[in-house]
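Quick notes on the structure that follows.
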């Protein structure tokens, strides 16, 4: 079993500081704080009061020991989270409610297997499940797009039907009008008749 | 390190997975992260404490309908606390 950061005994000046201070230091290092700023902060920290000053060599040593371990620890936590999500996806895909105890137990058992497997095998497996999930999501997106398209086509068809009906109603209305029928049945080209009908309709609407 | 901290880190990293107290005890023991060697009774007591509203209900349990045994898991509040505390990793 590998030694975890929490159990490592750091005998350096920084390593003997409380866990919370080391944790904050690691976060500051990760965020790119300069050595000068870090040393000022560390040497002014209440936990450091009355102790020998921490110098740049101490900080440099910490970068390659405690800080490097901390980064590895973060990576391990990230892997476990990935495995946990993989296990959850499988439990959900099997039809389980993710919040139900059965799914939680199943996720725990799968996680045990993944954590017990070779790191590369487990990582491959997690990647394969993630890829499968992505495929499913893409398929669902496509299905949704298809539904939207079908709906748009149905709406268009509906509009066409409404337009045809409105045309028929208009035709029947104007067919009952004697003047309109005379224009329609009278001499002249269709263009002339359309112009005359439009003028007649406008006139009727202003009355 | 406090047993409660180790238990919460173990469960929160693996959420929503749920484990029996005995499994949690075994994994925390194997991690070697606890200040003192925890007993199963101490692990069960720590789980009950973590589940109490006083500590913010950081874990919860559900009874498996098949074997009628409680399984413990980290709640959303527990996961948030673990994240804020630096996402400590427990391996064992």
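Here are a few things to note about the model shown:
- In the set A:123, A:107, only one residue is over 23 Å from residue B:64 (Cα atoms) and either more than 8 Å from every other protein chain (Cβ to nearest Cβ) or in contact with a helix residue (DSSP H, G or I) (Cβ under 9 Å, 6 or more places away or on another chain) (or both); that residue is A:123.
- Contact annotation: residue pairs with Cβ atoms under 8 Å, 6 or more positions apart or on different chains, pairing a residue in segment B:43-70 that is under 14 Å from residue B:22 (Cα atoms) with a partner that is assigned to a loop (DSSP other than H, G, I, E, B), are B:46/B:38; B:61/B:18; B:70/B:64.
- Residue-level check: of (1) assigned to a helix (DSSP H, G or I); (2) surrounded by 14 or more Cβ atoms within 10 Å (Cβ to Cβ); (3) within 14 Å of chain B (Cβ to nearest Cβ), residue A:129 misses just (3).
- Taken together, A:160, A:193 contain a single residue that is part of a helix (DSSP H, G or I), over 58 Å from the mean Cα position of the chain (by Cα) and either surrounded by 10 or more Cβ atoms within 10 Å (Cβ to Cβ) or at pLDDT 90 or above (or both), which is A:193.
- Sole exception among (1) in contact (Cβ under 8 Å) with a residue 40 or more places away in the chain; (2) loosely packed, with under 12 Cβ neighbours inside 10 Å for residue A:116, by number: (1)
- Segment A:39-55, subset in a helix (DSSP H, G or I) and closer than 14 Å to residue A:16 by Cβ, residue farthest from the chain's Cα centre (by Cα): A:48
- A count restricted to segment B:1-59 and to residues that are within 9 Å of the chain's Cα centre (by Cα), outside any helix (DSSP H, G or I) and either over 23 Å from residue A:82 (Cα atoms) or within 9 Å of chain A (Cβ to nearest Cβ) (or both) stands at 1.
The values are calculated or read from the model by the stated rules, or taken from the named source; none is laboratory data. Everything numeric in this text was worked out from a predicted model, so none of it was measured. With ideal geometry, Cβ positions are generated from the backbone for all residues, glycine too; neighbour counts draw on all protein chains shown.
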